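The values are calculated or read from the model by the stated rules, or taken from the named source; none is laboratory data. Bear in mind the structure is a predicted one, so any value in this text is a computation, not a measurement. Using ideal geometry, Cβ is built from the backbone for each residue, glycine included, and neighbour counts are taken over all protein chains shown. These accessible areas exclude ligands, DNA and RNA; they are computed on the full protein's heavy atoms, side chains included. Shrake-Rupley method; radii C 1.70, N 1.55, O 1.52, S 1.80 Å.
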Amino acid sequence: MKLKTLRKKISRLEIRLQEGPKKLAKLKRKLEAQVAANAAKAKRKAASRARKARQTVEAFQTTQRKSPPSTAKPQAKPVNMSGPIAAPKVKRKLNLSPERRAQLAAAMKARWAAKKAAAEPTAQETSTPQDFTIHEIPHSP
């Protein structure tokens, strides 16, 4: 090998060794910046999720307050509520055709009407006419 080429190789190697630590330091800085950015992003997402969960819980609680009190016994709540609150699952909107939506609405109204009729006793069952005695039987024309 000629002396000139050997000197070139040595100088290139020295340059590469000098650039190596610089490149390494630069890459480490980039990595730390990326880790910090990811941590900030995760923190922001967690805060957003917690805020959304709080909003859904508050909305759920306000709807519970508006509804009449149930006859069931209330469940005992745990004393330590410092952790994040698990929000109830949000119902997703169904992609229904107008015909199917009307059909479901009619079915639900019929179910509600039947439930309401079963819950309320009819007027004939509750009221007894007071102008009749025990032995008299009313005759219908």
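The table that follows gives values for the structure above.
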item	result
Listed residues Val90, Val57, Val35 arranged by accessible area, highest first, probe 1.4 Å	Val90, Val35, Val57
Probe 1.4 Å, protein heavy atoms only - accessible area per residue of the range 8-66 in square angstrom	95 Å²
³J(HN,Hα), Karplus 6.51/-1.76/1.60, whole Hz, each residue of the range 98-112, x for Gly, Pro	x, 5, 5, 4, 5, 5, 5, 4, 5, 5, 5, 5, 5, 5, 5
Positive minus negative residues near Gln34 (Lys, Arg vs Asp, Glu; Cβ under 12 Å)	+3
³J(HN,Hα), Karplus 6.51/-1.76/1.60, whole Hz, each residue of the range 25-36, x for Gly, Pro	5, 4, 5, 5, 4, 4, 5, 4, 5, 5, 4, 5
Rounded FRET efficiency, nearest 0.05, which uses the C-beta distance separating Lys52 from Ala105 and R0 of 35 Å	0.75
